[in-house]
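Read the structure below first, then the notes.
The values are calculated or read from the model by the stated rules, or taken from the named source; none is laboratory data. Predicted model only: the values in this text are computed from it and were never measured. Neighbour counts run over all protein chains shown; Cβ positions are idealised from the backbone, glycine included.
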Amino acid sequence: MPVASPYSVLTPEALLDAIESCGVRCDGRLQGLNSYENRVYQVWLEDGSSVVAKFYRPQRWSAAAIQEEHDFALELAAREIPVVAPLVFDGRTRHEHGGFQFAIYPRRGGRTPELEDADTLQWLGRFIARIHAVGVLQPFVHRPSLDIESFGHEPAQFVLDSGLVPDDLYDAYASVVEDVLERVERRWSAAGAVRSLRLHGDCHAGNILWTDAGPHFVDLDDARMGPAAQDLWMCLSGNREAQQQQLAALLEGYSEFFEFDPAELMLIEALRTLRIVQYAGWLARRWDDPAFPVNFPFFNTQRYWQDHVLALREQAAALDEPPLQWIG
């Protein structure tokens with residue numbers, strides 16, 4: 001069973017000892033960064049520079065799965081695709097200390113990209129396509145695939161069994177989540193046999209840092225096999241007309257470097273629905289970790305579950321609409 005408080009022993013002293021076990025010298029300063037699944041810190045070194053240290057949640061990923069994440073990042077970086085890859089110490093990127101697996105990354109700054117801007121979307125489309133052009137060359141062996149079972153049925157069942165859904169909303173949640181997952185399955189079936197490739201997996205604006213030189217991508221922790229549309233739909237927001245325009249710009253750039261299968265347009269709302277279901281399941285699964293009630297106080301409330309049921313009903317309606325269109 002996963003430990004509810006896996007980071008209780010990751011004291012500042014233990015953290016600094018782990019980093020220095022790689023042969024670097026810290027000056028004692030560190031700052032926690034915005035991460036809940038893992039623990040991520042900016043750590044200053046004696047020469048005045050700083051690095052980013054990522055401590056993986058125990059029992060989540062195997063050593064082989066973590067190494068596949070690192071190898072994919074290094075493969076992308078070697079092809080000059082702007083992905084922040086882990087640093088190599090003594091020929092290794094994955095390290096162990098005090099019961100934790102961890103990696104050290106160079107610190108890279110940047111701002112959130114302007115996803116309403118067509119030029120920005122074209123630029124992102126080109127780089128996502130280049131990631132996919134590498135991702136299709138070979139499969140992951142130790143990392144999972146994005147599928148309806150693991151992103152839909154499993155988290156939904158965990159929520160139903162968790163005792164976190166208010167009694168007066170339990171039946172409504174059970175009914176609507178069953179309904180939307182049936183619609184997701186129909187969409188998936190309608191898309192047909194879409195290609196599965198290595199993905200970033202969590203390509204939202206928070207994992208894309210923008211500089212004057214363009215974007216760079218961080219955090220491949222959720223890298224997995226799946227359809228290309230998974231790395232594209234998170235760049236779309238707003239009403240249908242706005243999303244249609246955003247999609248056109250994104251795919252204009254994407255198609256310069258990799259072929260997009262229009263059948264995957266059937267999956268956009270299906271993937272959005274799975275993320276909504278999976279996110280609630282993730283919060284429920286981590287609720288015993290003390291960091292989660294502190295950082296997600298809205299979760300265990302009547303209002304949250306009312307809004308969640310409403311969001312799923314809205315997705316049911318969206319899944320009944322024709323998919324977005326693109327003429328490539």
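Provide a single number: the residues in the range 276-301 that are polar (S, T, N, Q), closer than 15 Å to residue 162 by Cα and outside any loop (DSSP other than H, G, I, E, B).
Of the residues in the range 276-301, the ones polar (S, T, N, Q) are 278, 295, 300-301.
So of that shortlist, the ones also closer than 15 Å to residue 162 by Cα come out as 278, 300-301.
Then keep just the ones that are outside any loop (DSSP other than H, G, I, E, B); that gives 278.
Looking only at that region, the number is 1.
Give just the number: which of (1) closer than 17 Å to residue 223 by Cα; (2) touching a residue at least 60 places away in the same chain (Cβ under 8 Å); (3) of a type in the set (Gly, Ala, Ser) does residue 63 not satisfy?
Condition (2) is where residue 63 drops out.
Among the residues of the range 302-324 satisfying the criterion of being outside any helix (DSSP H, G or I) and more than 25 Å from the chain's Cα centre (by Cα), which is farthest from residue 190 (Cα to Cα)? Even if it seems obvious, please write down each step before you answer.
Of the range 302-324, the ones outside any helix (DSSP H, G or I) are 321-324.
Okay, now just the ones that are also more than 25 Å from the chain's Cα centre (by Cα), so 321-322.
Numbers: 321: 13, 322: 12 Å.
Only one residue fits best here, namely 321.
For the range 77-123, how many residues are touching a helix residue (DSSP H, G or I) at 6+ places or on another chain (Cβ under 6 Å) and aliphatic (A, V, I, L, M)?
6
Which residues, counting only those in the range 16-34, are free of Cβ contacts under 8 Å to residues at least 60 places away in the same chain and within 18 Å of residue 93 (Cβ to Cβ)?
The one that is free of Cβ contacts under 8 Å to residues at least 60 places away in the same chain and within 18 Å of residue 93 (Cβ to Cβ): 20.
With a cut-off of at least 2 residues that are buried (at least 17 other Cβ atoms within 10 Å of the Cβ), touching a strand residue (DSSP E or B) at 6+ places or on another chain (Cβ under 9 Å) and modelled with pLDDT of 95 or more, name the helices (runs of 4 or more DSSP H) lying wholly within the range 63-165. Even if it seems obvious, please write down each step before you answer.
Details: elements: 63-78, 118-135, 154-162.
Answer list for the range 63-165: 63-78, 118-135.
Do the conditions hold for residue 326, that is, is it surrounded by fewer than 21 Cβ atoms within 10 Å (Cβ to Cβ) and outside the structural domain of residue 122 (by TED's automatic domain parsing)?
Yes, satisfied.
Considering (1) under 17 Å from the mean Cα position of the chain (by Cα); (2) without any contact (Cβ under 8 Å) to a residue 24 or more places away in the chain, say which one residue 68 fails and leave the rest.
The single condition residue 68 does not satisfy is (2).
Please tell me if residue 259 is without any contact (Cβ under 8 Å) to a residue 24 or more places away in the chain, surrounded by fewer than 22 Cβ atoms within 10 Å (Cβ to Cβ) and over 19 Å from residue 129 (Cα atoms). Can you show your working first?
Numbers: without any contact (Cβ under 8 Å) to a residue 24 or more places away in the chain: yes; surrounded by fewer than 22 Cβ atoms within 10 Å (Cβ to Cβ): yes; over 19 Å from residue 129 (Cα atoms): no.
Taking the combined requirement at face value, the residue does not satisfy it.
When the range 72-128 is examined, which residues are found to be farther than 22 Å from residue 51 by Cβ and in contact with a Cys (Cβ under 7 Å, 6 or more places away or on another chain)?
Within the range 72-128, 115, 121, 124, 128 qualify.
Can you find a residue that is β-branched (Val, Ile, Thr) and surrounded by fewer than 18 Cβ atoms within 10 Å (Cβ to Cβ) anywhere in the range 290-305? Full working, then the answer.
Taking the range 290-305 first, the residues β-branched (Val, Ile, Thr) are 294, 301.
From what's left, surrounded by fewer than 18 Cβ atoms within 10 Å (Cβ to Cβ): 294, 301.
Among the residues of the range 290-305, at least one is β-branched (Val, Ile, Thr) and surrounded by fewer than 18 Cβ atoms within 10 Å (Cβ to Cβ), which makes the answer yes.
I'm trying to understand the selection: among the residues of the range 254-275, which are over 17 Å from residue 188 (Cα atoms) and either outside any loop (DSSP other than H, G, I, E, B) or among the hydroxyl-bearing types (Ser, Thr, Tyr) (or both)? Before you say what the answer is, go through the steps one by one.
Step one: of the range 254-275, the residues over 17 Å from residue 188 (Cα atoms) are 254-259.
The answer is 254, 255.
I want to confirm something. Restricting to the range 195-249 and keeping residues that are assigned to a loop (DSSP other than H, G, I, E, B), among the hydrophobic types (A, V, I, L, M, F, W, C) and in contact (Cβ under 8 Å) with a residue 24 or more places away in the chain, which single residue is surrounded by the fewest Cβ atoms within 10 Å (Cβ to Cβ)? First the steps, then the outcome.
Start the filter on the range 195-249 by keeping residues that are assigned to a loop (DSSP other than H, G, I, E, B), which leaves 195-196, 199-204, 212-213, 218-224, 227, 232, 236-239.
From what's left, among the hydrophobic types (A, V, I, L, M, F, W, C): 199, 203, 213, 218, 220, 223, 232, 236.
If we keep only those that are in contact (Cβ under 8 Å) with a residue 24 or more places away in the chain too, we end up with 199, 203, 218, 220, 223, 232, 236.
On the way: 199: 28, 203: 23, 218: 21, 220: 26, 223: 23, 232: 28, 236: 19.
Going through the qualifying residues, I end up with 236.
Looking at 270, 318, which is the one that is in contact with a Lys or Arg (Cβ under 9 Å, 6 or more places away or on another chain), surrounded by 15 or more Cβ atoms within 10 Å (Cβ to Cβ), within 24 Å of residue 151 (Cα to Cα) and free of Cβ contacts under 8 Å to residues at least 60 places away in the same chain? Step through it out loud before you land on a result.
Details: 270 fails: free of Cβ contacts under 8 Å to residues at least 60 places away in the same chain.
Sole residue among the options that is in contact with a Lys or Arg (Cβ under 9 Å, 6 or more places away or on another chain), surrounded by 15 or more Cβ atoms within 10 Å (Cβ to Cβ), within 24 Å of residue 151 (Cα to Cα) and free of Cβ contacts under 8 Å to residues at least 60 places away in the same chain: 318.
Please verify whether residue 150 is on the phi < 0 side of the Ramachandran plot, out of contact with any helix residue (DSSP H, G or I) (no Cβ under 7 Å at 6 or more places or on another chain) and either of a type outside the set (Lys, Arg) or free of Cβ contacts under 8 Å to residues at least 12 places away in the same chain (or both), treating the condition exactly as stated. Give the steps one after another, and end with the answer.
Working: on the phi < 0 side of the Ramachandran plot: yes; out of contact with any helix residue (DSSP H, G or I) (no Cβ under 7 Å at 6 or more places or on another chain): yes; either of a type outside the set (Lys, Arg) or free of Cβ contacts under 8 Å to residues at least 12 places away in the same chain (or both): yes.
Yes, satisfied.
Residues that are surrounded by fewer than 20 Cβ atoms within 10 Å (Cβ to Cβ), free of Cβ contacts under 8 Å to residues at least 24 places away in the same chain and either of a type outside the set (D, E, K, R) or in contact with a strand residue (DSSP E or B) (Cβ under 6 Å, 6 or more places away or on another chain) (or both): does the range 179-189 have at least one?
Yes, the range 179-189 has at least one match.
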